[in-house]
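The values are calculated or read from the model by the stated rules, or taken from the named source; none is laboratory data. This one's a predicted model, so the numbers in the text were calculated from it and none came from an experiment. Note that each Cβ is placed from the backbone with ideal geometry, even for glycine, and that neighbours are counted across all protein chains shown.
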Amino acid sequence: MSDDGPGNTFWELMPHTSRMAETACPGCGVVLNGSTALDFDATPSPGDVSVCSECQAVSIWGDDLQLRGFTREEIDEILADDEAMEELTRAVEVLHLVLEADDVRRGRNN
């Protein structure tokens, strides 16, 4: 979800996307300018979990709606929450499928 924008496979396959202020992935540093959700509300809120579309790093939306790494306490909370773990697994699986579809469309063999 870097600078590609609408009209590219990622955006087409993930319709619940909203544009937002730029933020950098804490994992790879890529500048992101949108958020895509598995439900109908793609606008992130503080505490929401995010998976980077470039490096697949998992991070969290801070109070300032900038991505950041997790605190130890937040990691412990997610690991103890079966529903949160299921949602995170689903998000990673969907991202994987979207990236595979994009590779096929672009003729890449990874």
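A few points about this structure:
- Selected residue (only one of Thr17, Thr89 is modelled with pLDDT of 85 or more and either surrounded by fewer than 16 Cβ atoms within 10 Å (Cβ to Cβ) or in contact with a helix residue (DSSP H, G or I) (Cβ under 8 Å, 6 or more places away or on another chain) (or both)): Thr89
- One residue from Gly47, Gly7 being at pLDDT below 80, loosely packed, with under 13 Cβ neighbours inside 10 Å and on the phi > 0 side of the Ramachandran plot: Gly7
- Test: residue in segment 64-75 that is under 26 Å from Asp103 (Cβ atoms) and either at pLDDT 90 or above or surrounded by fewer than 16 Cβ atoms within 10 Å (Cβ to Cβ) (or both): yes
- Residue check for Ala101: surrounded by fewer than 12 Cβ atoms within 10 Å (Cβ to Cβ) and either over 22 Å from Leu32 (Cα atoms) or in contact with a helix residue (DSSP H, G or I) (Cβ under 9 Å, 6 or more places away or on another chain) (or both): no
- Of all residues making up segment 60-95, the number that are within 22 Å of Arg19 (Cα to Cα) and free of Cβ contacts under 8 Å to residues at least 40 places away in the same chain: 6
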